[in-house]
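K.L.:
Encoded as structure tokens, here's the structure I'll be asking about.
The values are calculated or read from the model by the stated rules, or taken from the named source; none is laboratory data. Bear in mind that the values here come from a model prediction, so they are computed numbers and not experimental data. For neighbour counting, all protein chains shown are included, and Cβ atoms are generated from backbone atoms with ideal geometry for every residue, glycine included. Note: accessible area is taken over every heavy atom of the protein model, side chains too, but ligands, DNA and RNA are not part of it. Shrake-Rupley method; radii C 1.70, N 1.55, O 1.52, S 1.80 Å.
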Amino acid sequence: MKYLIIGASSGLGRELAYEYAKNKHDLILVSRDLRDLSATKSDLERKFEINIETIQLDLTSEKLVEKELFTERFLKDIKGILFPIGMMFDEDAINLNHEKVEKIFKSNFASIVFIISKYLKPLSSKRGELVAFGSISGYLGRKTNPNYAASKRALESYFESLGFVSNNTSLNIQFYVLGYLNTNLAFGKNLNLPKASPQKLAKIVYRNRKSKFKKAFFPSWWRLVAILLRLIPIRVLFFLNKFSNEK
């Protein structure tokens with residue numbers, strides 16, 4: 001049985017591939033960047049003597065997703081799917097053009113829903129696993145990256161619904177709300193907060209792979225931040241933002 005990692009060329013995707021390969025699982029790695037996938041494949045096969053397939057794929061194309069991922073062999077052989085996907089544009093704003101908004105939502109949300117809808121039944125029949133990753137940015141409306149944050153909020157709601165739907169099945173589900181990870185997305189940015197280790201997260205994901213439904217924050221202290229964000233009245237946050245800008 002194999003694990004499908006979609007977004008395997010990202011920092012977190014590579015660490016997940018390493019963790020599952022280290023534990024002797026064959027892998028199917030998917031990304032838009034074939035060069036990174038090829039390097040990861042060669043390295044992991046040499047170190048761990050496992051079988052790895054790579055697929056170059058643009059998730060915004062439903063026809064390509066259907067052609068590459070919905071084969072009879074994959075539906076039969078895949079044990080679990082992990083979605084370490086985080087696609088955004090530097091200029092993401094409220095007035096972002098339609099084409100880029102569509103790409104953000106298809107990559108971070110709609111494509112995941114499309115893939116899961118096809119795999120839900122076969123995975124449920126073999127104690128399969130689904131793992132996805134949200135963002136703390138989705139816990140409150142924001143001025144920066146609003147479309148990315150909205151897509152991650154939608155994904156979190158969808159996985160909570162999956163938890164209810166899968167309650168009477170053997171499907172195992174994990175969803176992680178992420179703070180800042182030490183990956184290329186955070187490189188060079190002054191975040192004023194510590195960046196967490198994707199290696200550590202990959203180990204946690206593998207350890208929890210048999211969880212019936214697990215929703216967690218990583219690092220865990222972001223849970224308190226999320227609670228505080230929900231408790232503060234939105235008008236107070238508007239005022240604080242305005243005061244900060246005037247200063």
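K.L.:
Which longest uninterrupted range of the chain lacks any GluC sites (Glu not before Pro) assigned by DSSP to a loop state (not H, G, I, E or B) and surrounded by at most 11 other Cβ atoms within 10 Å?
P.N.:
By the stated rule (loop sites, at most 11 other Cβ atoms within 10 Å), 92-247.
K.L.:
How many Å² of accessible area per residue for the chain, probe 1.4 Å?
P.N.:
Computed with neighbouring chains in place, this is 54 Å² per residue.
K.L.:
Could you tell me what percent of the accessible area of segment 13-52 is made up of carbon and sulfur, with a 1.4 Å probe and every protein chain present?
P.N.:
Of all accessible area on segment 13-52, carbon and sulfur atoms account for 41 percent.
K.L.:
Please compute the modelled spin-label separation between Lys76 and Arg235, points set 7 Å along Cα→Cβ, answer in nm with one decimal.
P.N.:
6.3 nm
K.L.:
Write out the trypsin sites (Lys or Arg not before Pro) in segment 15-103 meeting two conditions: DSSP loop, and at most 12 other Cβ atoms within 10 Å of their Cβ.
P.N.:
Here the sparse-neighbourhood loop sites are Lys24.
K.L.:
OK, next. Leaving out ligands, DNA and RNA but keeping every protein chain, what accessible area does Asp33 have, in Å² rounded to the nearest 10, with a 1.4 Å probe?
P.N.:
Counting only protein heavy atoms, Asp33 exposes about 50 Å² to solvent.
K.L.:
Run the 1.4 Å probe and let me know the accessible area of Val101, rounded to the nearest 10 Å².
P.N.:
40 Å²
K.L.:
Quick one: among Leu37, Leu162, Leu130, which has the greatest mean-square fluctuation in a GNM of the chain with alpha-carbon springs under 10 angstrom?
P.N.:
Ranking Leu37, Leu162, Leu130 by mean-square fluctuation puts Leu162 first.
K.L.:
Could you work out the Rg to Rh ratio of the chain, with Rh taken as the Kirkwood radius (inverse of the mean 1/r over all Cα pairs)?
P.N.:
0.97
K.L.:
Sticking with this structure for a sec: May I ask for the distance between the Cα centers of segment 1-59 and segment 151-173, given as a whole number of Å?
P.N.:
25 Å
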